[in-house]
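Take a look at the structure below.
The values are calculated or read from the model by the stated rules, or taken from the named source; none is laboratory data. Since this is a predicted model, take the numbers as computed values, not measurements. Here the Cβ positions follow ideal geometry from the backbone for every residue, glycine too, while neighbour counts run over all protein chains shown. The area values use the complete protein model at the heavy-atom level, side chains included, leaving out ligands, DNA and RNA. Shrake-Rupley method; radii C 1.70, N 1.55, O 1.52, S 1.80 Å.
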Amino acid sequence: MQILVVEDERRLAEALGQILREKKYMVDLAYDGRDGLDMAMSSIYDVIILDVMLPKMNGIDVAQNLRKEKIATPILMLTAKDQISDKVKGLDAGADDYMTKPFSPDELLARVRALTRRQGEVVMDTVEFGDLVLNLSTCDLSCGDKSVHLNFKEFEIMKILLGNNQNVTTKDDLIVKVWGYDSNAVDNNVEVYISFLRKKLDFIGTDVEIVSLRKIGYRLGVKKDA
Ligand code: CA
C-alpha cells in the first residue's frame, strides 16, 4: 500500500509519515499543492492524505484537478479547524473522507484502513496464474502442495506481475511501485529480486516463469512442454 501525504507543516507531515510507515505503508511526502498534484497524477497511490491549506495550490483545487483527470485514488482531506464549509467544499471537490486537526494516530489509521477497503470492491484472498497461486494474506506462493514464503518486495513484485497477467511490466513501473516514487532503486535492484523469485518458482515446481524482455521489462509466461 502506497500513501501520499500532502502537508506543508513539515513536522506534521513527518509525524504522519512515521505513523503510517510503522504500519508498513509506503509513504511519500509532498509539501505544497503543486508537487502533491504532480505526484498524485502518477496514480500509483492507494490513498492520498491532503491538507486543505497549502502553498501554491490548495487542497480543494488539488482534489478537483485529480477528479477532473479521472484519478480515482481515495482522498482523506485534513481540515485545520472544525469548519463545516471546508468539509463540504472538500467532499464536493471529490474527497472521500475528512479529518479535523488535531487527530489521534488511531483515528488516522482507522480512516486509512476504511479507505483502502472501500477501494477494492472485491477483496480477493488469492491471485492465480496457470498452476501458480499467490495468497495475499500470508504472502505464500504455491503450486499444488508445495509452497514458499515471499518477503515483502518479492511479494509486491509478484503481485504486480500477476495483476498484469501476461502483459509486460516495465522495470520503471516496478521501481516506482515497489521501491517508491523518490527511491534510489535502480534496474539492478529489480533484477536481483526477479532472480530470487525465479529460484522460488523453480523450488515449488511451477510451469509459470518470469520472462525477461531485454530493455523493456518482464511478463509471466507458461513453460512449453519439452
Ligand atoms: Ca497547511
| remark: Extension length gain for S43 and D140 (0.36 nm per residue less Cα distance), in nm, is 32.2 nm
| remark: Note on segment 2-118: C-alpha Rg/Rh, Kirkwood Rh, two decimals, gives 0.91
| Nearby lysines by direct alpha-carbon distance to K87 (threshold 23 angstrom, same-chain neighbours under 8 apart not counted) | K56, K68, K70, K101
| Considering only protein heavy atoms, what per residue accessible area in square angstrom results for segment 141-226 with a 1.4 angstrom probe? | 57
| said: Can you give me the % of accessible surface on segment 2-118 that is carbon or sulfur? Probe 1.4 Å, all protein chains present, nothing else counted. | reply: 49
| Amide H contacts under 5 Å for A30, placed H, 5+ residues apart | V5, V6, E7
| query | Using a cut-off of 14 Å between alpha-carbon atoms, which aspartates and glutamates can reach K177, once sequence neighbours fewer than 8 places away in the same chain are excluded? | reply | D28, D46, E154, E156, D187
| field | For D207, distant residues with modelled amide H under 5 Å away | value | D131
| field | Cα-projected label distance for V192 with D207, points at 7 Å along beta-carbon direction, nm | value | 3.4
| note | extent check for segment 126-222: Cα max minus min per principal axis, descending, whole Å, gives 39, 26, 20
| query | So what is the accessible area of segment 2-118 per residue, in Å², with the probe set to 1.4 Å? | reply | 49
| request: Return the inverse of the average 1/r over all pairs of distinct C-alpha atoms in the chain, which is the Kirkwood hydrodynamic radius, in Å to one decimal. | output: 19.0
